[in-house]
1. Does region 63-74 hold any residues that are on the phi < 0 side of the Ramachandran plot and either assigned to a loop (DSSP other than H, G, I, E, B) or among the aromatic types (Phe, Trp, Tyr) (or both), and which are they?
2. Of all residues in region 563-577, how many are outside any strand (DSSP E or B) and in contact (Cβ under 8 Å) with a residue 60 or more places away in the chain?
3. Evaluate the following for Arg57: is it in contact (Cβ under 8 Å) with a residue 40 or more places away in the chain, of a type in the set (D, E, K, R) and in contact with an Asp or Glu (Cβ under 9 Å, 6 or more places away or on another chain)?
4. In the set Gly124, Gly114, Gly144, Gly107, which member is among the small types (Gly, Ala, Ser), in the same structural domain as Lys235 (by TED's automatic domain parsing) and surrounded by 24 or more Cβ atoms within 10 Å (Cβ to Cβ)?
5. Search region 75-102 for residues being assigned to a strand (DSSP E or B) and in contact with an Asp or Glu (Cβ under 8 Å, 6 or more places away or on another chain), and hand back the single one that is surrounded by the fewest Cβ atoms within 10 Å (Cβ to Cβ).
6. Can you list the strands (runs of 3 or more DSSP E) found entirely within region 407-478 that contain at least 2 residues being of a type in the set (D, E, K, R) and modelled with pLDDT of 90 or more?
7. Please give the number of the condition Leu609 fails out of (1) surrounded by 15 or more Cβ atoms within 10 Å (Cβ to Cβ); (2) over 32 Å from the mean Cα position of the chain (by Cα); (3) more than 16 Å from Arg567 (Cβ to Cβ).
Amino acid sequence: MSGRQTARGLHLCIKHLSFVFCLCAINAIAGTFIVKPGESINDKLKSLQPGDTLLVRAGTYNESLSLPRDGESGKRIVVKAYPNEKPIIANASTLLTLNKQWWLMQGLIFDQQGAASDAIKISGSNSTLRGCEIRNGKKDGIDGDKGSTNITIENCVIHDFVNQPGVDAHGIVVDPGAIGWKILKNKIYNCGGDCIQLYAEDTHAVSEYSKNFTISGNVFYTTLGDNSENALDFKGIDGCLVDGNELYGFQNKAWVVQKGCRNITASNNLIHDSERGIEFRGEGGKSQENIKLVRNVLYNIQQFYVLKFDYVANVELYHNTLVNSPVTAIRVEGQGISSGKMQNNLIANCGDVSVSATFNVTSDHNGWFKTDAGEMAGTGDVSGADPDFVNAAQANFRLAATSPAKDKGVNLGLPYAGARPDLGAYEIGMTTPVKLKRLSIEQHGAAILLRWEAGSARDFWGFAIERSTNGQDYFERKFIETLAHDKPQTLYEYVDREATAEHYWYRLRLMDLNGQIEYSDAVEIFLAAPSTFALHQNFPNPFPANSTALQTSTQIVFDLTAPVEVRVTIHNLLGQTVRALQSIVLPAGRHTLAWDGRNERGERVAAGLYVYRILALQSGATVWTAARALTVVR
């Protein structure tokens, strides 16, 4: 056939895709796709590539999600709810098998519908569940495999996993051998077993335990009475930070640590209104080791004990408040505590301590108010009838300025405001956390300016400015050091002069002197858009689309003056579509597309002349179109 035809305008739809978009040829972002009720999420997942996002419209999807491939570092594959909508994944079996790397699942509801299977199984790595609701099962909400690493569960709600009495169903359970999980700012409640269980058998060696977990900022509770077990059950963990959580409502132990768990730091937790507080117990012939409790508050513990220790080595109890619990304040039994320190704690209106085993602990400078210290008494202790809390009736256990526990502690290297540290969890004069009143972002020429204001601050090292090009993976740009007790400034700014992409997210990481970390909400900016739409010549051109060439794809560059829906197609000279991409929503800026020289069936195209065409739409109307020729060689 002879003659020449230009590509005709076609209404495009796709069955396959292999396009990858790059923002300014640096940070890859691919397509944004949509799935709606009546369609299959799994069918859409099959075609997603690293960097792609699938938006899920509201409705119920009766399927179990299976992931087809890995994402990449800096190019996660994202599946999230369409803005302001709440799609539901519902099935009577496992709803999601997260066995790949670099995925983000956000804003989805996983409804187990009373099924006796795990709602979500995780065996992959470097993936995140964010802002999801996981509910209504008879087994576990999330089951983590021993091979899972660097998993983040954040801002999720996990609830109502209940089987029957004697059969556990947990919110989150993780097998021994997992590494680097972060469980952050979730609400987990009404589980028939534990809210979180870090599992191991007696036969597991400590070297096989899970490692380096962070459990921070969560709320754990139950309204199920005897049908729940614990907020936290640690059977197999070596290295865990438990910080800033609230645990309450358990007619059992709020938290139990056993089977030789070790290297655990618990700080700034609030544990209350439960039958028992925290138990460290000997089980499986292994001792718990290197246990540090700092600035925790435990109150209204109703039966047996507030703290219990059996077969523990190297315990550090610093600045904890145990209050208003008519049970044994601290019980030491079994094989006891072989070594440790207990200083600057405040125990008030509790039952007397009980020591029936080894208590080889340096105990001094503690406060005992209407509580008999017994064998735990030491030099520098303070005793009396009333520690003078600000408002104990409303569970405000900060010290009033007139408290007899003020300035009665010993310097442990932690920050304090007075002549000496106060006893208990709260330091007078250092009671207000860092509060960001304002975080703003704007463009200044080719640079980006961040400004923020911090209100009254406690002890903190300063702010780390973190930047992301995809809203998920953040990297530190600069650390601004300041100390609250040295009267730091309240207004700050940072100028990023190395902004080469067109779309950024920034956030602040706040670090206190204890090493605890908080994050601000992220702010987002698009840099100024190009002044005109433009489609540039592909490069290289010609390009060799074969399996042996070093360069097996060509780059297509185009400029957008505004956010638009982009459709890019490759045509032969008959106007037939060789490859099509549908409904790619892109921001204003310069973008680069890579085509690997394959058709819709995944076959390499023949050598020859082709046309690439771009169509830009807003609200379904065409605002710009352009076309250029490219050459494929063999």
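1. Quick first cut of region 63-74, residues on the phi < 0 side of the Ramachandran plot only: 63-73.
Result: Glu63, Ser64, Leu67, Pro68, Arg69, Asp70, Gly71, Ser73.
2. Taking region 563-577 as the starting set, the residues that turn out to be outside any strand (DSSP E or B) are 563, 572-576.
With the extra rule that they be in contact (Cβ under 8 Å) with a residue 60 or more places away in the chain, the set shrinks to 573-575.
Of the residues in region 563-577, 3 are outside any strand (DSSP E or B) and in contact (Cβ under 8 Å) with a residue 60 or more places away in the chain.
3. no
4. Unique residue meeting the criteria: Gly144.
5. So, considering only residues that are assigned to a strand (DSSP E or B) and in contact with an Asp or Glu (Cβ under 8 Å, 6 or more places away or on another chain), the one surrounded by the fewest Cβ atoms within 10 Å (Cβ to Cβ) is Ala90.
6. Counting at least 2 such residues, we get 460-468.
7. All conditions are met except number (1).
Rundown of residues vs (1) among the basic types (Lys, Arg); (2) in the same structural domain as Glu518 (by TED's automatic domain parsing); (3) farther than 20 Å from Thr128 by Cβ; (4) assigned to a loop (DSSP other than H, G, I, E, B), yes/no style:
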position: Asp160; (1), (2), (3), (4): no, no, yes, no
position: Ala169; (1), (2), (3), (4): no, no, yes, yes
position: Val173; (1), (2), (3), (4): no, no, no, no
position: Pro176; (1), (2), (3), (4): no, no, yes, yes
position: Asn190; (1), (2), (3), (4): no, no, yes, no
position: Gly193; (1), (2), (3), (4): no, no, yes, yes
position: Gln197; (1), (2), (3), (4): no, no, yes, no
position: Asp202; (1), (2), (3), (4): no, no, yes, yes
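The values are calculated or read from the model by the stated rules, or taken from the named source; none is laboratory data. Just so it is clear, the model here is predicted, and its values are computed rather than measured. Glycine gets a Cβ as well: all are built from the backbone with ideal geometry, and neighbour counts include every protein chain shown.
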